[in-house]
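Below: the structure, in structure tokens.
The values are calculated or read from the model by the stated rules, or taken from the named source; none is laboratory data. Just so you know, these numbers come straight off a predicted model, no measurement behind them. Cβ placement follows ideal geometry from the backbone for every residue including glycine, while neighbour counts extend to all protein chains displayed. Side chains are part of the model used for accessible areas, which takes the heavy atoms of the whole protein and leaves out ligands, DNA and RNA. Shrake-Rupley method; radii C 1.70, N 1.55, O 1.52, S 1.80 Å.
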Amino acid sequence: MKIDLSNTRKIIRQYSEKKGLLIPLLQEIQATYGYVPKESVELIAKELSIFPVEIYGILTFYAQFYLTPRGKHTIKVCQGTACHVMGGKEILDYLSNKLGISEGETTKDGVFSLERVACLGCCGMAPVVVIDNNFYGRCTIQKVDALIEKYYSEEGK
Amino acid sequence: MKFKILICMGTSGISAGAEEVAKAFETELKRKNLMDKCKIVRVGDRGLFRDPLVDIITPELGRVTYEYTKPEDVPQIVEEHLLQGKPVERLRAGKDYEQFFSGQMRIVLSNCGEIDPEDIDDYIAHGGYDALKKVLFSAPEKVIDEIEKSGLRGRGGAGFPTGLKWRFCKEAKGDVKYVVCNADEGDPGAFMDRSILEGDPHSVLEGMIIAGYAIGATKGFIYCRAEYPLAVKRLNIAISQAREKGLLGDNILNGSFSFDITIVQGAGAFVCGEETALLASIEGRRGTPRPRPPFPAQKGLWGKPTLINNVETFANIRHIIVKGAEWFSSIGTEKSKGTKVFALAGKVKNTGLVEVPMGTTIRELIYGPGGGMKKKRVKLKGVQIGGPSGGCLPESLLDIPIDYESINQTGAIMGSGGMIVMDEKTCMVDIAKFFLNFTVAESCGKCLPCRIGLKRMLEVLEEITEGRGKEEHISFLQEMGNTVKATALCGLGNTAPNPVLTTLKYFPDEYEAHIRDKICPSHVCTELVKFEVVEEKCVKCGLCYKACPTGAIEWKKKEYPRINKEKCIKCKACIGACDYGAIQ
Ligand SMILES: Cc1cc2nc3c(=O)[nH]c(=O)nc-3n(C[C@H](O)[C@H](O)[C@H](O)COP(=O)(O)O)c2cc1C
């Protein structure tokens with residue numbers, strides 16, 4: 001796939017003046033492309049006169065950055081303490097089993113990416129699952145099962 | 001006077017549908033021509049998860065609270081309550097709601113759920129920025145004296161005296177100084193900082209501006225967790241409103257003091273909550289900690305003296321300035337002053353944010369505002385406090401007072417204030433493993449004890465929970481735990497063994513059951529569960545049958561269920577559903 005780098009150029013121009021802003025720059029790249037493409041990293045390195053490895057050092061350190069494209073919908077299963085005690089691990093295991101992917105991966109059809117998050121701060125509604133930006137509280141295996149089916153049927157699958 | 005309708009709209013409220021309820025009120029008020037008589041105020045979350053929560057305030061009836069409000073309830077509330085003056089009894093918040101709030105002392109949270117966080121005038125109407133106005137007329141030295149006298153200690157975990165930290169920063173040499181607010185709140189199980197930022201952002205800004213004035217800084221940063229988009233949005237609004245009013249920026253309130261604040265968003269790394277890692281992250285680098293000294297108060301952001309305090313710490317400042325150090329230090333215990341906000345969750349009836357005076361016992365907290373166990377029949381086994389740096393305390397220690405020293409003595413720490421109530425269905429070995437999984441994943445890898453020591457401990461816990469435990473594992477965990485604690489570079493490693501060490505100390509029989517008898521008494525560790533129905537315990541209720549997602553459980557009314565092992569995927573939904581521990 002060919003990556004359109006004009007947006008990368010635009011973002012680099014916005015940030016190149018200010019110091020210490022490599023992380024916000026990368027956050028904006030990710031917001032634009034959905035992930036941080038290799039081509040963008042190379043361009044940033046060239047334009048800012050730094051080594052690509054410095055950028056990768058940051059990208060791989062912070063959990064928020066992705067180096068590969070994401071699925072259409074991102075499922076985040078909260079693994080905070082309250083969710084763990086209320087059965088969040090079982091829900092993550094179930095989803096991983098159902099979708100046939102491990103956390104951090106995307107289904108072959110590109111519909112779902114599965115992720116764990118450390119805590120969403122909604123401990124009173126534990127266990128919590130977030131699909132895109134919709135929060136689902138007090139989840140059970142049956143409830144998430146129905147949710148996934150709903151998303152699949154909306155995709156026509 | 002106008003009728004006021006308060007609707008709680010933090011992350012929790014919004015996800016429960018509070019915006020739809022607010023829209024329904026708008027439509028209904030328009031339909032009934034009541035728009036001029038009523039004011040809808042979108043407030044922050046109040047800390048109790050019974051959303052959507054709606055308060056109606058009228059001159060005749062005062063304040064009436066509705067819980068679990070749905071858009072379809074709105075026409076009835078408008079018709080009966082607002083027009084006829086008769087509250088809708090079936091929707092009113094009941095005894096639990098009252099119990100939750102009556103046991104609390106709300107200082108830091110006093111505005112949360114009461115004011116519109118996106119409206120600076122509402123904050124000002126509630127005494128906002130009074131403290132700043134007062135401070136600008138006194139010497140910076142006096143401000144620091146006041147904070148020192150109050151006895152306030154940092155709420156970010158370690159409990160360092162705030163006034164002393166401010167003094168170090170003021171006395172540090174440097175032309176440029178910075179104030180940083182630590183809003184990284186990465187502790188899984190704590191969400192008070194988020195609620196304060198979402199519900200009362202100006203209180204944090206005010207605390208930071210006062211700190212800037214006291215130490216002689218002109219620039220502040222708020223390092224906010226990436227997972228908190230609503231908090232960031234409301235902070236941005238608050239900052240621009242404060243600038244418009246001349247409370248932030250050049251020549252604050254036309255005086256000689258200037259101070260401005262920038263928000264920096266984290267990118268998902270727990271260790272960035274540690275102060276030196278946080279500074280590295282703001283500077284745009286990998287967030288790895290460095291040895292202290294030099295402390296950030298001496299050499300912080302870009303080598304300049306930097307004051308770092310937690311969100312809740314800053315939110316306390318304005319109350320101390322307005323009401324005085326003496327008032328503040330009259331609350332709490334000898335060495336721990338004021339209140340602390342706890343995030344109460346787990347198997348307790350009322351979950352949410354609870355603010356109580358220091359010195360309250362854990363039992364008072366759980367059985368007061370918490371309302372006791374969610375299911376009366378179920379026994380409390382233990383309480384986890386302080387998150388991944390904290391520990392698990394048994395029932396017998398519930399009567400210790402909550403203050404920094406008493407909690408440290410148990411082997412746990414106050415931490416940020418997460419408090420998770422656990423019952424017989426929680427396996428303590430599994431909980432220890434859960435926290436180590438977290439700290440191993442979040443360890444930055446810079447120092448050896450944390451990078452390798454924790455990993456070895458996790459591997460041993462995996463052996464134990466998977467049925468391959470050996471006697472000598474217990475002494476190994478103890479020795480390695482104490483070594484990592486003593487030798488790791490930063491607070492992450494220094495405290496990460498605590499969950500393991502405290503469960504070993506208070507729940508040794510659970511480790512023994514896993515190791516010697518190869519059973520998990522709570523039926524949590526999958527490899528040790530047989531997935532069989534114990535007929536002596538079963539009441540034939542069929543809840544397991546209904547919970548099973550794969551149809552592996554065969555059951556008919558008045559008969560014992562049977563689990564078909566071919567279809568069973570060991571998801572444990574049945575164990576979660578059974579109240580009688582009948583599946584083992
Ligand atoms: C691994 C680790 C994570 C931390 N996370 C946070 C955090 O999320 N929020 C916070 O305020 N302090 C956190 N701290 C404590 C900070 O290093 C620092 O002590 C605190 O921000 C100082 O503020 P205070 O004096 O107001 O408590 C963390 C410390 C460690 C070692």
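Values as computed for the structure displayed
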quantity: Protein accessible surface hidden between B and A, which excludes ligands and nucleic acids, total in Å², probe 1.4 Å; calculated: 3400 Å²
quantity: ³J(HN,Hα), Karplus 6.51/-1.76/1.60, whole Hz, each residue of segment B:530-545, x for Gly, Pro; calculated: 8, 6, 10, 8, 8, 5, 4, 9, 6, 10, 6, 7, x, 4, 5, 4
quantity: Solvent-accessible surface (1.4 angstrom probe) belonging to B:ILE519, in square angstrom, nearest 10; calculated: 80 Å²
quantity: Relative contact order (%) - segment B:17-153, alpha-carbon pairs under 8 angstrom, separation at least six; calculated: 24 percent
quantity: For B:ASN310, residues with placed amide H under 5 Å, excluding near neighbours; calculated: B:ARG155, B:GLY156, B:ASN182
quantity: FRET efficiency estimate (nearest 0.05) - Cβ-Cβ, B:ASP399 to A:LYS38, R0 56 angstrom; calculated: 0.45
quantity: Angle between chain A longest axis and helix A:141-154 axis [Cα atoms, degrees, rounded to 10]; calculated: 60 degrees
quantity: Contact order relative to length of segment B:185-237, as percent, for alpha carbon pairs under 8 angstrom and 6 or more apart; calculated: 47 percent
quantity: C-alpha long axis of helix A:6-15 to longest principal axis of chain A, angle in °; calculated: 80 degrees
quantity: Fraction of beta bridges assigned by DSSP in the protein assembly as shown that are antiparallel (%, nearest 5); calculated: 55 percent
quantity: DSSP-defined antiparallel bridges as percent of all bridges, chain B, nearest 5; calculated: 55 percent
quantity: Computed accessible area, B:VAL341, all protein chains, 1.4 angstrom probe, square angstrom; calculated: 0 Å²
quantity: 0 to 90° range, to nearest 10: angle between helix A:52-61 axis and chain A longest Cα axis; calculated: 20 degrees
quantity: Reachable aspartates and glutamates, given that their alpha-carbon falls under 12 Å from the alpha-carbon of B:LYS233 and they are not under 8 places away in the same chain; calculated: B:GLU118, B:GLU198
quantity: Net charge contributed by nearby residues that have their C-beta within less than 12 Å of B:SER138 (K/R +1, D/E -1); calculated: 0
quantity: For segment B:340-357, 3J(HN,Hα) per residue [Karplus equation, 6.51 cos²θ - 1.76 cosθ + 1.60, θ = phi - 60°, Hz, x = Gly/Pro]; calculated: 9, 8, 10, 9, 8, 8, x, 8, 9, 5, 9, 9, x, 8, 10, 10, 9, x
quantity: Antiparallel DSSP beta bridges within segment B:339-423, as percent of all bridges there, nearest 5; calculated: 80 percent
quantity: Surface per residue (accessible, 1.4 Å probe) for chain B, Å²; calculated: 39 Å²
quantity: Residue-by-residue Karplus 3J(HN,Hα) for segment B:377-388, coefficients 6.51, -1.76, 1.60, Hz, glycine and proline x; calculated: 5, 7, 8, 6, 9, x, 10, 9, 10, x, x, x
quantity: Expected 222 nm ellipticity per residue - DSSP helices of 4 or more, -39500 (n - 2.57), all of the protein assembly as shown, to 500; calculated: -11000 deg cm²/dmol
quantity: A:MET86 - accessible surface, heavy atoms, 1.4 Å probe, Å² rounded to 10; calculated: 50 Å²
quantity: Cleavage-rule hits, trypsin sites (Lys or Arg not before Pro), segment B:469-509, DSSP coil, Cβ neighbours within 10 Å at most 12; calculated: B:LYS470
quantity: Relative contact order for segment A:73-154, counting Cα pairs under 8 Å that sit 6 or more residues apart, in percent; calculated: 37 percent
